[in-house]
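The structure appears below as structure tokens.
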Number of protein chains: 2
Amino acid sequence: MAGVTSASMYVHVVKNKTYGNISYTNLSEQLAKILRMGANDQSVIDRLNWMRDVLGPMLKEAMEIAGEIDLKLMLSQALHMGDECHNRNVAGTTLLIQALTPYIVQTTFSNKDKIDVFNFIKSSDYFSGPTWMVLCKNALDAAHGVPYSTILTTMARNGVDFGIRLSGMGGNTWFTGQAGYVVGPLFAGFKAEDSGRDIGDSAVTETYGIGGFAMSTALAIVSLVGGTVSDAINYTKKMYEITATENPNVTVPILNFKGVPTGIDIRKVLETGVLPVINTAIAHKDAGIGMIGAGITYPPMDCFKKAAIALADHIKSIEN
Amino acid sequence: MAGVTSASMYVHVVKNKTYGNISYTNLSEQLAKILRMGANDQSVIDRLNWMRDVLGPMLKEAMEIAGEIDLKLMLSQALHMGDECHNRNVAGTTLLIQALTPYIVQTTFSNKDKIDVFNFIKSSDYFSGPTWMVLCKNALDAAHGVPYSTILTTMARNGVDFGIRLSGMGGNTWFTGQAGYVVGPLFAGFKAEDSGRDIGDSAVTETYGIGGFAMSTALAIVSLVGGTVSDAINYTKKMYEITATENPNVTVPILNFKGVPTGIDIRKVLETGVLPVINTAIAHKDAGIGMIGAGITYPPMDCFKKAAIALADHIKSIEN
């Protein structure tokens, strides 16, 4: 592609200080016409080149000075500030950039570059979105491979299939079903038939217990994903029916500071018939256009059934 | 006082673009041992000198580059991010500093000074507190002096008296009663008997319709001011009984995006017996110590009765 002169891509690096595992994510391209959502015109390429040449190296230098930023504490703060940290990231983004600012100022870049970076980050509330995804990925990786565990450690979609991984299966065994459509408001000029099927790895947030699971912390998100304030509260309440525990570090003020519903247990999904709720972006079905809206979707029940049968067989094989 | 070499004090300047009136506030000293709360030791003086020599001039230079910042929009955003903008200002502060950052970077100050300023602002969520107070003062000044109006335009306290001003009286006529005590959690080591009576001009936020009136947007504030989540929601609901209208620009997600209760009508206060709820800091009764907690308080009913009688007399005098 014209203008791409190198394969370098800067990433966030998140380390689990308890378990030692490390996870990575690419940087936010902000919204809405971006490569991650299928757009690929010259403006997209130009932005990626700038991210490679300025944003990435500047954040790298800033983080080398900072040493580390405590993301778990920041996530907890963001949820008390009306984010659910999947599609509403306004608080998380302001907290993250506030934490980075003194270090960005100390980098060797020109004031013009620094101002460009601050303005880029301010251009969309989404900047911290990938940060929360990789925090979730990092925590869930540490929970993967626990013998006998019926807890989900991955939910991901590729626009065709919806796949899950199960802690007790360990390794890299996927259980899949057909990816659904996402129901929600579309940007002006688009209609439901333009939507591609559910796509992306952002459902790692719901797998951790935020995003759709924490919509009761983020009532203002209904203007983006649709539905009412009471829908948003009820999504969270419903998820306690299919989760193993509450996260004491990430709490929901409106539910009297109860921890977010955490650890999707496939036994509970199968017993109750309640599916994990996901709020997510809607990508155009055709390549080159990008995000066209956001809304609510669910995984297919199929993949949970397949996972339960496979885990039962796996346990038999361990015990025999 | 030792170390004070000049009377210069930098202030925020807020202009009402509709009515043209201008209002001022001093800058946040952050919390809790500060001059504004009665503390006055050398650390307080040193901080004020630094604010005069570095913080103030840097913000002045940054604002000269920025031109202006739309505070009304930012207030609306902060309430959707869990602030009530009197005692919970974490969102407003991150939004305000994010808006200022590109301009602070452009100032002629050294990187060390810039980093000191960023770290000072990050040292307390309270930095934007005075900003919201002066926004409220600015709006209420524009509402002052409307003939026949029974709407409050001022509530203020000095640790002895609680005073109100009424729009329909115009000018500078105060109606007073005894200032109450503030009930809420105290910082470690202090007890209720250490509290001074309700003090300060911060109740301008409740007069505008935020602060205690908007606690339903800021459920996480209960850890600071005490009470339960449902108390916080009920404070807002109750205030619709004594207010004239809702502010369509400053809305409450949990009440289905209803505007905050706005315009305290003394007729409604007298009819219902419901007093305006104020959440506020608690200052130590002795000079030199400062803030020792935060909680809930109410004005004395006396001042509303006096105001109603005086307004009735005033209207008679106009009409005769």
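The values are calculated or read from the model by the stated rules, or taken from the named source; none is laboratory data. Note that the structure is predicted; figures quoted are calculated from it, not measured. When we count neighbours, we look across all protein chains shown, and the Cβ atoms used for this are built from the backbone with ideal geometry, even at glycine.
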Legend entry - Residue under evaluation B:Ser128, criteria (1) out of contact with any Cys (no Cβ under 8 Å at 6 or more places or on another chain); (2) within 14 Å of another protein chain (Cβ to nearest Cβ), criterion not met: (1)
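Identify, from the list A:Gly56, A:Gly92, the residue that is at pLDDT 95 or above, more than 18 Å from B:Ala91 (Cα to Cα) and small (Gly, Ala, Ser).
A:Gly56
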Inset, instruction - Report the residue count in the range A:34-48 for those that are over 26 Å from A:Arg157 (Cα atoms) and either outside the structural domain of A:Lys122 (by TED's automatic domain parsing) or surrounded by 15 or more Cβ atoms within 10 Å (Cβ to Cβ) (or both). - result: 0
Legend entry - Failed item in (1) within 30 Å of A:Met215 (Cα to Cα); (2) at pLDDT 95 or above; (3) of a type in the set (D, E, K, R), with A:Lys112 passing the rest: (1)
Inset, instruction - Answer yes or no as to whether B:Gly259 is surrounded by fewer than 20 Cβ atoms within 10 Å (Cβ to Cβ), in the same structural domain as B:Met169 (by TED's automatic domain parsing) and part of a strand (DSSP E or B). - result: yes
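Restricting to the range A:165-199, and then to whatever is over 30 Å from A:Lys316 (Cβ atoms) and of a type in the set (A, V, I, L, M), can you tell me which residue is surrounded by the most Cβ atoms within 10 Å (Cβ to Cβ)?
A:Val182
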Inset, instruction - From the list B:Phe213, B:Phe162, pick out the single residue that is more than 19 Å from B:Gly82 (Cα to Cα), aromatic (Phe, Trp, Tyr), crowded, with 24+ Cβ neighbours inside 10 Å and under 16 Å from the mean Cα position of the chain (by Cα). - result: B:Phe162
Inset, instruction - Considering every residue within the range B:216-224, establish whether at least one is more than 14 Å from chain A (Cβ to nearest Cβ) and out of contact with any strand residue (DSSP E or B) (no Cβ under 6 Å at 6 or more places or on another chain). - result: no
Inset, instruction - Quick one: which helices (runs of 4 or more DSSP H) lie wholly within the range B:49-121 and hold at least 2 residues that are more than 8 Å from chain A (Cβ to nearest Cβ) and in contact (Cβ under 8 Å) with a residue 60 or more places away in the chain? - result: B:71-79
Inset, instruction - Residue by residue through the range A:185-244, note down the ones that are acidic (Asp, Glu) and either in contact with a Phe, Trp or Tyr (Cβ under 9 Å, 6 or more places away or on another chain) or within 19 Å of B:Phe257 (Cα to Cα) (or both). - result: A:Asp198, A:Glu206, A:Asp231
Legend entry - Criterion: closer than 29 Å to B:Ala192 by Cβ, over 21 Å from the mean Cα position of the chain (by Cα) and surrounded by 16 or more Cβ atoms within 10 Å (Cβ to Cβ) - qualifying residue of B:Val225, B:Val229: B:Val229
Inset, instruction - Inspect all residues belonging to the range B:233-254 and state whether any of them is modelled with pLDDT of 95 or more, surrounded by fewer than 24 Cβ atoms within 10 Å (Cβ to Cβ), under 19 Å from B:Met81 (Cα atoms) and touching a His at 6+ places or on another chain (Cβ under 9 Å). - result: yes
Inset, instruction - Would you confirm whether any residue within the range B:224-236 is part of a strand (DSSP E or B) and in the same structural domain as B:Leu270 (by TED's automatic domain parsing)? - result: no
Legend entry - Selection from the range B:278-310 of residues that are assigned to a loop (DSSP other than H, G, I, E, B) and at pLDDT 95 or above: B:Tyr298, B:Pro299, B:Pro300
Inset, instruction - Please indicate, with yes or no, whether at least one residue in the range A:264-274 is within 15 Å of A:Met155 (Cβ to Cβ), crowded, with 21+ Cβ neighbours inside 10 Å and within 18 Å of the chain's Cα centre (by Cα). - result: yes
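One line per residue, one yes/no per condition, for (1) in contact with an Asp or Glu (Cβ under 8 Å, 6 or more places away or on another chain); (2) within 19 Å of B:Thr217 (Cα to Cα); (3) of a type in the set (A, V, I, L, M, F, W, C):
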| residue | (1), (2), (3) |
| --- | --- |
| B:Tyr240 | yes, yes, no |
| B:Thr243 | yes, yes, no |
| B:Gly263 | no, yes, no |
| B:Arg267 | no, no, no |
| B:Ile278 | yes, yes, yes |
Inset, instruction - Please state which of the following conditions B:Thr272 fails to meet, knowing it meets all the rest: (1) under 30 Å from B:Phe190 (Cα atoms); (2) more than 14 Å from every other protein chain (Cβ to nearest Cβ). - result: (1)
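What about B:Gln30, is it modelled with pLDDT under 95, closer than 29 Å to B:Gly211 by Cα and not in a strand (DSSP E or B)?
yes
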Inset, instruction - Say whether the condition of being at pLDDT 95 or above, over 30 Å from A:Asp265 (Cβ atoms) and not hydroxyl-bearing (Ser, Thr, Tyr) is met by at least one residue in the range A:131-147. - result: no
